[in-house]
Amino acid sequence: MLELNEGLKNEFRRTAGALKKRFEQRPDRARIRAYINESSLGRFVKSRKMSDNELERLMEKGGVAGVDGSTNSTGGMFPYVITLQQAMAKCTVAQEEIYFYDVLCPLFIGEDLNEAEYQQLVKSNLAVLEAQAAISAVKKYRPAVMLIDGSLVRLKIEAKELWESLKAEVLKAGTLLVGVVEGISTRIISSALKDAIPDAVSGACDWELLLGVLDVGEGLEVTPGCFKEGFRTVFMRTSFDPKPIGIDLLEEQYENLELVENLIFTLTPEGSRGIPLWLDLIDKKVKISDATMEGLLKAYLGKEYAEFLTPKRAKRSP
Amino acid sequence: MQVVGLTTPQEVFVASKERKFRINEILVIDDPHQGSLIGEVVEANSYNRFIPLSINHDFVDARVLESLERLGYSISEDEINIAKVKLRNEASFPVTTGAKVHLPEFWEVRDLLVRSDPEGGLALGEIKNTEETASTMDENLKELFYVYSKGEKRKTKNVPFLLDLKSFQQYPHIGIFGGSGSGKSYGLRVIMEELMLKEIPAIILDPHYEMDFSIREEDLEWSPDFTGSFKKFQVGEDIGVEFPSLGRQDLLDLLSAVKPLTEAMSSAVQMLHRRGDTYRSFSLRLQLLTEALELGRSRIEKILQQDLEPEEREKYKKMKELLEEYPNIPLQSVQGIAWRLWRLDASGLFNYNIKPVKEALLSGKLAVIQGPIWLLQVFSTYLLSNLYRTRRDYKDGELRGESRGEYFPPFVIATDEAHNFAPKGYDAPSKGIITEIAQEGRKYGVFLVLATQRPTLLDETVTAQLNTKIIFRTVRGHDIATITEETDIGAEEARRLPYLPSGDAFVSSPLFGRTVAIRVRLPYTKSPHTLNPFDEIRHHRKRAEERLLSLLEPHLPIYETNLLKVLQALNAEAPDMNLEVRTLKESLENLVRSGKLQKTETPFGAMYHS
């Protein structure tokens with residue numbers, strides 16, 4: 001602390017003070033519930049843990065599938081980068097795991113791509129892989145429910161074409177397509193209650209306003225029209241963690257909202273951060289670790305060439 | 001299966017997705033550079049990569065896992081099994097990671113597992129977790145005996161553990177350690193049975209009266225008949241001590257076994273006992289001396305001056321002589337010795353000799369010596385010294401080329417509660433001879449099998465000579481420490497000692513060069529007292545009740561007013577029951593309570609009827 005520049009310290013103190021003030025002015029739990037109840041924003045619902053019978057019935061209908069993707073890149077200077085991507089789908093009723101993967105390198109893409117465009121490409125490519133995995137799993141297993149790690153809206157935007165066929169497939173197969181959003185970035189509540197809530201928190205993210213407002217197992221079903229068209233969304237506290245998660249559903253399947261809420265609540269360990277264990281398991285399997293990257297680089301590029309893809313930073317002494 | 005992770009020349013980790021590992025399993029590692037390496041599983045673990053102990057430092061609740069199972073996901077699908085494997089012999093350099101590992105065929109590990117054949121070895125039990133290897137075993141080694149596992153008696157499916165008889169010459173003595181209920185007695189019984197099957201002369205000291213081999217274990221397809229292979233001897237009833245053959249030290253040991261002798265008593269015995277004394281001559285001397293000391297010299301002299309029958313005169317003359325011969329022995333000491341001698345005689349000890357035991361050994365039988373532990377301690381001293389001397393004299397004579405000695409065979413001496421016979425820290429009569437046999441018995445073909453629940457209390461010289469040790473469950477920290485010190489048992493095994501199931505044991509033997517985990521085979525015979533004491537009470541009560549009921553039957557119905565007549569009849573029929581009116585009435589009430597009889601009130605008082 002002693003070495004810290006005095007000016008920097010003051011600057012930080014000011015910002016932290018402003019933040020603190022904002023949090024202090026945040027309406028309390030009862031107020032926020034009152035605001036929401038008074039508006040037509042949505043309604044609070046309680047979920048329950050499903051019984052063994054209900055779960056077995058779901059299994060007979062095809063079980064629960066999950067889809068997740070992972071990206072990892074070598075840390076070199078753009079465009080001397082290799083990006084590895086894979087998406088995986090797995091259904092509770094089958095041992096098989098469905099993988100889709102891709103390796104990208106800006107040097108070989110041809111078009112004159114800048115870094116931001118490359119990042120966008122990486123993002124949408126991952127969505128494409130995930131959509132492919134999801135479509136393949138639906139065709140193969142016709143699961144009762146398919147959980148996607150991340151919002152459905154993201155898939156729709158990033159993988160437009162495949163999204164349409166995924167949607168068609170799930171509707172045909174009767175699979176409930178569910179997006180599970182860990183980091184909610186929407187601002188539905190603050191925009192709907194613009195006039196009611198204090199200025200200090202205007203424009204707050206939904207999770208900020210809902211932090212600690214919901215009971216464990218409680219959700220806020222957002223009224224249709226307040227959210228992106230074609231989707232239904234619920235903010236739900238699925239574990240002891242006070243931060244809610246988001247659950248997306250297709251408008252066409254909205255009558256199954258309660259079932260989906262109960263299922264996600266059932267599959268989430270109470271002490272966890274709120275994500276269904278099934279998605280956590282898939283996340284662990286699909287993840288491309290730094291060690292894997294390094295191993296692949298060493299094995300296939302060789303130590304002498306790996307230099308081209310290693311940033312100078314990496315050589316910094318600690 | 002393959003080697004994973006960091007390896008050393010001594011230890012590696014082996015992982016498998018399909019197969020769960022078991023402790024003590026033998027695995028063969030195919031090292032690409034060093035060839036086949038043999039190792040033993042010392043730790044077995046399983047874990048699920050995707051279900052960590054914690055997610056965000058919290059336990060995954062079981063309910064969620066169960067829900068996933070209901071949805072069709074099998075948790076074991078993602079399980080990985082990992083074994084820590086200790087190499088049998090240190091490798092020249094660390095094992096190659098990634099090397100393939102396989103379960104051995106029998107021929108690959110034969111030398112490690114079987115060091116004998118069924119004819120030449122004692123089949124003590126099965127080597128644990130060797131089913132797969134056993135399937136490729138020679139036919140003559142398969143299904144040699146029964147084992148008891150998970151409440152079932154079945155033929156063994158594992159590799160047999162055979163203790164080679166020929167190796168006894170090199171490694172003569174066996175120790176059996178284990179707490180009560182650990183299966184130690186079964187182990188001892190199995191060894192005795194095996195010795196009988198091989199017709200090896202043996203003696204077992206049996207303070208618990210449990211070494212009887214005539215009750216066969218039920219539900220076995222086949223079991224040998226041991227009734228002709230062993231003989232039971234009760235000390236003082238079948239066998240005993242020949243008083244004239246007792247040395248002075250033997251006599252001292254015998255007397256002090258009844259109750260320790262005082263300094264004065266010991267020296268009195270040394271003075272009073274004469275070579276060639278019979279029990280009669282020695283006890284008479286004591287008796288006369290006692291009387292003489294009580295009377296005193298002057299009174300004896302006075303009596304001698306009176307007119308006496310020649311017999312009487314002889315007696316007082318003798319008394320006077322004794323007083324003159326032993327002027328310094330106090331009366332108290334003589335009385336103390338006499339009392340001890342009388343007690344020994346009352347046990348019947350001096351009425352018999354040990355000839356029947358020698359005969360049993362000569363005919364290749366097992367001699368079971370039974371008696372209370374105090375008597376066994378003394379008697380065994382005499383018996384073992386005598387037998388050992390006989391064998392030694394014969395063998396020494398043979399070595400010197402003198403064939404005049406009568407043949408006496410090599411034999412095995414076994415005992416439970418060995419710490420009573422050769423205790424650490426204090427002297428016991430039998431300690432000397434046991435120590436001697438422990439140190440020199442090998443030369444003469446006299447072998448020890450010593451069982452104890454407290455190895456710590458066993459004399460260290462003896463413990464050090466026990467080459468083969470069979471270790472059952474041991475809970476006491478002291479004893480575990482002793483065991484670790486005295487055997488090649490490793491830290492992993494020592495940690496498991498308190499948790500060994502009954503009947504499982506580790507065998508540490510220089511012959512195998514490693515600790516072998518075995519399950520002792522099911523004995524063919526049962527101990528005569530396996531009845532639970534509480535069952536015994538119940539049985540006894542039931543029998544007594546049934547007997548009374550059958551005696552009462554002809555007298556039914558019985559009126560309360562007429563009890564006396566019934567009582568007389570009953571007492572005439574069964575005087576041992578010693579019934580009185582009061583006890584008969586109580587018994588009748590008890591029978592009513594248990595529903596065997598009914599009681600009806602009548603104008604003539606209560607009536608008991610069926």
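We did not get these values from a lab; they are worked out from the coordinates using the rules stated. Predicted, not measured: the structure shown is a model, and the values here were computed from it. Because the Cβ atoms are built from the backbone with ideal geometry, glycine has one as well, and the counts that use them run over all protein chains shown.
Points worth noting:
- Using alpha-carbon coordinates, inclination of helix B:373-399 to the longest axis of chain B, degrees: 80
- Of all lysines in the structure, those lying under 29 Å Cα to Cα from B:Lys596, and not within fewer than 8 positions of it along the same chain, are B:Lys542, B:Lys565, B:Lys585.
- For region B:73-197, the Kirkwood estimate of the hydrodynamic radius, built from every pair of different alpha carbons, is 17.5 Å.
- Relative contact order, whole percent, for chain B stands at 17, derived from Cα pairs under 8 Å and 6 or more residues apart.
- Shape category assigned to region B:533-609 from the gyration tensor of Cα positions, a/c cut at 1.5: oblate
- Relative contact order of chain A, pairs being alpha-carbon contacts under 8 Å that are 6 or more residues apart, as %: 21
- Annotation note: chymotrypsin sites (Phe, Trp or Tyr not before Pro) in region B:192-265 located in DSSP loop regions with a Cβ neighbour count of at most 15 within 10 Å are B:Tyr209, B:Trp222.
- Value of relative contact order over region B:243-350, rounded to a whole percent, pairs C-alpha under 8 Å and six or more apart: 39
- Sequence of B:Phe534, A:Phe23, A:Phe235 once ranked by neighbouring C-beta atoms within 10 Å, starting from the fewest: B:Phe534, A:Phe23, A:Phe235
- Distance violations [Cα-Cα > 25 Å] among A:Lys90/A:Lys167; A:Lys167/A:Lys228; B:Lys142/B:Lys232; A:Lys49/A:Lys90: B:Lys142/B:Lys232
- Projecting the alpha carbon convex hull of chain A along each direction and taking the average yields 20.8 nm².
- As a rough footprinting exposure proxy, the listed residues B:Thr96, B:Thr8 were ranked by other beta carbons within 10 Å of their own, and the order from fewest upward is B:Thr8, B:Thr96.
- Counted over chain B, the DSSP beta bridges are approximately 65% antiparallel.
- Its residue count N sets the reference 2.2 N^0.38 Å, and the alpha-carbon radius of gyration of region B:440-481 equals 1.29 times that reference.
- The lysines whose alpha-carbon is closer than 25 Å to the alpha-carbon of B:Lys302, local same-chain residues fewer than 8 away aside, are B:Lys315, B:Lys317, B:Lys318, B:Lys320.
- Set of region A:70-103 residues, backbone N closer than 13 Å to the point 7 Å along the Cα-Cβ line of A:Ile109: A:78-84, A:103
- Estimated vicinal HN-Hα couplings, Hz - region B:237-250 in sequence order (Karplus 6.51, -1.76, 1.60; Gly, Pro = x): 10, 10, 9, x, 10, 7, 4, x, 7, 6, x, 4, 5, 4
- Per-selection Rg to Rh, region B:495-553 - Cα, Kirkwood hydrodynamic radius: 1.37
- Centre separation in Å (Cα based) which lies between region B:465-491 and region A:176-213: 68
- Loop sites in region B:95-142: GluC sites (Glu not before Pro), DSSP, at most 10 other Cβ within 10 Å: B:Glu119
- Qualifying trypsin sites (Lys or Arg not before Pro) for region B:299-405 [loop in DSSP, other Cβ within 10 Å: at most 12]: B:Arg400, B:Arg404
- Given their separation in residues at 0.36 nm each and the Cα-Cα distance between them, B:Gln568 and B:Asn590 gain 5.9 nm when the chain is fully extended.
- Near B:Ile437: Cβ cut-off under 14 Å, other residues only, Lys/Arg at +1 and Asp/Glu at -1. The net charge is +4.
- Shown is the FRET efficiency for A:Val45 and A:Tyr305, computed with R0 = 56 Å from the Cβ-Cβ distance and rounded to the nearest 0.05: 0.45.
- Among A:Leu166, A:Leu104, A:Leu177, the largest mean-square fluctuation in a Gaussian network model of chain A (Cα springs under 10 Å) belongs to A:Leu104.
- Scalar couplings 3J(HN,Hα) for region B:216-223, obtained by applying the Karplus form with A = 6.51, B = -1.76, C = 1.60 to θ = phi - 60°, are 7, 5, 7, 6, 9, 4, 9, 8 Hz; x denotes Gly and Pro.
- A Förster radius of 25 Å combined with the Cβ-Cβ distance from B:Thr262 to B:Lys318 puts the calculated FRET efficiency at roughly 0.45.
- Residues B:Asp225, B:Asp253, A:Asp102, ranked from the fewest to the most other C-beta atoms within 10 Å, line up as B:Asp225, A:Asp102, B:Asp253.
- Convex hull volume per residue in cubic angstrom - Cα atoms of the protein assembly as shown: 381
- All other residues whose Cβ lies under 13 angstrom from that of A:Asp102 are scored, Lys and Arg at +1 and Asp and Glu at -1, for a net of 0.
- Among the listed pairs B:Lys20/B:Lys157; B:Lys198/B:Lys355; A:Lys243/A:Lys287; B:Lys358/B:Lys395, a Cα-Cα separation exceeding 20 Å is found for B:Lys198/B:Lys355; A:Lys243/A:Lys287.
- Rounded FRET efficiency, nearest 0.05, which uses the C-beta distance separating B:Ser214 from A:Arg57 and R0 of 56 Å: 0.30
- Spin-label model distance (nm) - B:Thr97 vs B:Arg280, 7 Å beyond Cα toward Cβ: 9.0
- Taking a straight Cα-Cα cut-off under 19 Å and skipping sequence neighbours fewer than 8 places away in the same chain, the aspartates and glutamates within cross-link reach of B:Lys431 are B:Asp206, B:Asp250, B:Asp253, B:Asp416, B:Glu417, B:Glu440, B:Asp459, B:Glu460.
- Divided by 2.2 N^0.38 Å, where N counts the residues, the Cα radius of gyration of region B:313-428 comes to 1.50.
- Kirkwood-based shape ratio for chain B, expressed as Rg/Rh from alpha carbons: 1.12
- Where only DSSP H runs of four or more residues are counted, the protein assembly as shown gives -12000 deg cm²/dmol as its mean residue ellipticity at 222 nm, each run worth -39500 (n - 2.57).
- Tensor-based shape of region B:2-103 (alpha-carbon gyration tensor, a/c under 1.5 rounded, otherwise prolate or oblate): prolate
- Cut-off under 5 Å, modelled amide H: who pairs with B:Leu458 long-range: B:Lys424
- DSSP loop trypsin sites (Lys or Arg not before Pro) with at most 12 other Cβ within 10 Å excluded, longest remaining stretch of chain A: A:49-193
- Between A:Ala16 and B:Asn351, the modelled labels are 10.0 nm apart [label points 7 Å from Cα along Cα→Cβ].
- From phi via Karplus (6.51, -1.76, 1.60), per-residue ³J(HN,Hα) for region B:18-33 in Hz, x at Gly/Pro: 8, 10, 7, 8, 10, 4, 6, 5, 9, 10, 10, 9, 8, 6, x, 9
- Distance between the modelled labels on B:Leu331 and B:Thr484, one decimal in nanometres: 6.1 nm (7 Å Cα→Cβ projection).
- Modelled label reach - B:Val581, point 7 Å along Cα→Cβ, region B:593-610 residues with backbone N closer than 12 Å: none
- Seen from all directions on average, region B:243-350 presents a Cα convex hull projection of 6.9 nm².
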